[in-house]
Structure formats: C-alpha cells, structure tokens
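Working notes, structure below.
The values are calculated or read from the model by the stated rules, or taken from the named source; none is laboratory data. As the structure is a prediction and not an experimental result, all values here were calculated from the model. All Cβ positions, even for glycine, are placed from backbone atoms using ideal geometry, and neighbour counts span all protein chains on display. Note: areas computed on protein heavy atoms with side chains; ligands, DNA, RNA excluded. Shrake-Rupley method; radii C 1.70, N 1.55, O 1.52, S 1.80 Å.
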Amino acid sequence: MPPGTGIRGVAKLGPTCPVQSLTSPCPDRSFQGDVRATATDGSTITVSTDAQGRFTMNLRAGTYVVIAVASSGGGPPTPVPQTVQVRTGSYTQITLDVDSGIR
C-alpha cells in the first residue's frame, strides 16, 4: 500500500433535536464507534473513530463503500453508506452521516 493513500473523515450523528430553528440550532454530534470500508473485491477494513468522530483508513487505490457501524439491531441510528474513490498518493476527505431517527 503506497504511503499517504486512503480515506480521512468524520462521522456525524444527527439530527439531535426533534425541532430545529435559527434561534435554537441543533448541531450534529460526533459519532463514536467503528467505520468500515468494503472494497469491490469484498475485502474490508474497520477502524474506530476518536472522540470527535474522526478516522483515518490507510487503503490501496480503488473504490470502497464506507459506512459507520451502528449496533442498533435494525432500528435507529441508521448509517448512510457512501461510495468513495481512493487515488494513489492522497487521502480522500469524507463526512459520513448516521441518521439518528429523531424527527
């Protein structure tokens, strides 16, 4: 694997309030847990986020489906998968969303 190749990102959980307005904003929270990348050949890598929801994955160039791993058992929170293209010699920056289910 070439050095400096992979994905860097942050995972966010939201919405965090049932009602949001300009006078009462309700920012997303950091998602703390695991993030998994699955390559087109089916191989996977899993890393943990830090307290701010940040993560780094050192990967080969290629296409990956990246998703936060929620242990919800089928209900909220619901991770939103993202397809990511990784190029040799750089980190692709992403933001992963995890839907809290709050409406």
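Name the single residue, out of those in region 76-91 being free of Cβ contacts under 8 Å to residues at least 24 places away in the same chain and assigned to a strand (DSSP E or B), that is farthest from Leu13 (Cα to Cα). Ranking the candidates gives Gln85 first. Picking from residues in region 36-58 that are part of a strand (DSSP E or B) and touching a Ser or Thr at 6+ places or on another chain (Cβ under 6 Å), the one that is least open to solvent (accessible area, probe 1.4 Å) is Phe55. Of the residues that make up region 9-32, is at least one touching a Lys or Arg at 6+ places or on another chain (Cβ under 9 Å), modelled with pLDDT of 95 or more, open to solvent by less than 80 Å² (accessible area, probe 1.4 Å) and β-branched (Val, Ile, Thr)? Yes. Taking the criterion of being open to solvent by 50 Å² or more (accessible area, probe 1.4 Å), among the aliphatic types (A, V, I, L, M) and modelled with pLDDT of 95 or more, the only residue of region 62-103 that qualifies is Val65.
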